[in-house]
Structures are given as C-alpha cells and as structure tokens.
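The values are calculated or read from the model by the stated rules, or taken from the named source; none is laboratory data. Since we're looking at a predicted model, the values are computed, not measured. So basically every Cβ, Gly included, is an ideal-geometry build from the backbone, and we count neighbours across all protein chains shown. We work out accessible area using only protein heavy atoms, side chains counted, and drop any ligands, DNA or RNA first. Shrake-Rupley method; radii C 1.70, N 1.55, O 1.52, S 1.80 Å.
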Amino acid sequence: MTSRILDLASLLLSESRSDEMRQYETILWMNVLKALNALLMYRQQKRSRVKGDDVLNFLLLDTNLPRSVGCCIAEIFLCISKLPNNDQLPLKLVELEAYVQAIDTRQTTQDQLRSILDGLQNKLGELHSQIADNWFLTTTEE
C-alpha cells in the first residue's frame, strides 16, 4: 500500500505541476505521512521540515517504520525463512530488497521515479503470486 501511495504522490508532484500547486507540496507530503501514520516517527528521526525526497527515502528505506517498504520486506523475509517449502522465495526477497535500496530519489526525475515505483509494485505483485502459488494455491493429487 505504501508504494501505491508514494506512486500517487509522485504523480501529483510531477514536474509539470503549476506554481500554485508547488506551494502546497509540503502539505501533501505531510498528508502522505499522516495517511501512513508515520508523521511523528518522521519528525523524530529527521528533525527538520518535511521535504519530498526525505519522505520518499523514509517510506522506502527506513527499517524501524512498520509501514515502510524496507521494513515490510525484512519482515516478510523473517516469516518466509521459518516456513517449509520456501524454495526460491528468499532469493526473490533479496533481489527485491536490492531493488528498493538502489532507488535514489535525489538523482531521478519524477517520470523516472514513477517508473521505478511501478516496477516496485510489479515486483511486489510477482512476490505475492509466488507466495500464493507456493503455499495457498497448491493442488493435492490423490
């Protein structure tokens, strides 16, 4: 869900936005943090005003925020490693974590960021499908 919210926020903050919209950028990022119940943790860690790149990095990479993408990947890894028949899933999670860690919000344009976030959502969807196929959609032969 966090990646979808970030994707929407990056769309609203695209480079083609008007000057009038730019003045509300901080308010939008604050509302993104509020929607994820992360504003207080952000303020405690950053101790500065809300900035888009900092919010993106916080929501993608912070391992202490339960709703950050990085924290969720780490938690999935812990859960999957304890289950039988996990085959290739830990490797898939390592690849996903590397993909998230490689995101550099300061060096990308808004269009590139949207493409990266779309790719992240696709990778999360693939992981979901593999988990479902591995443990929930298996058929038993009689």
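Give, as ranges by residue number, the residues of region 37-67 whose backbone N falls under 17 Å from the point 7 Å along Cα→Cβ of TYR24.
Residues 52 qualify, since their backbone N sits under 17 Å from the label point.
Semi-axes, largest first, in whole Å: what does sqrt of 5 times each Cα gyration tensor eigenvalue give for region 1-114? Please report the intermediate quantities before stating the final value.
Working: eigenvalues 171, 52, 23 Å².
Here the semi-axes work out to 29, 16, 11 Å.
Counting only heavy atoms of protein chains, what accessible area per residue, in Å², does the chain have with a probe of 1.4 Å? Please list the in-between numbers first.
Working: 8970 Å² over 142 residues.
Here the residues of the chain average 63 Å² of exposed surface.
Hey, what do the phi angles of region 93-100 turn into as Karplus ³J(HN,Hα) couplings, whole Hz, using 6.51/-1.76/1.60 and θ = phi - 60°, x for Gly and Pro?
Result, ordered by residue: 5, 4, 4, 5, 5, 4, 4, 5 Hz.
What dipole magnitude, in Debye to the nearest 20, does region 35-142 give about its Cα centre under +1 on Lys/Arg Cβ and -1 on Asp/Glu Cβ?
Numbers: 11 positive and 14 negative charges, 183 e Å.
Dipole of region 35-142, to the nearest 20 debye: 880 debye.
Lysine pairs in region 1-127 8 or more apart or on different chains: how many have alpha carbons under 28 angstrom apart? If you can, show how the numbers build up before the last one.
On the way: LYS34/LYS46; LYS34/LYS51; LYS34/LYS123; LYS51/LYS123; LYS82/LYS92; LYS82/LYS123; LYS92/LYS123.
So the count works out to 7.
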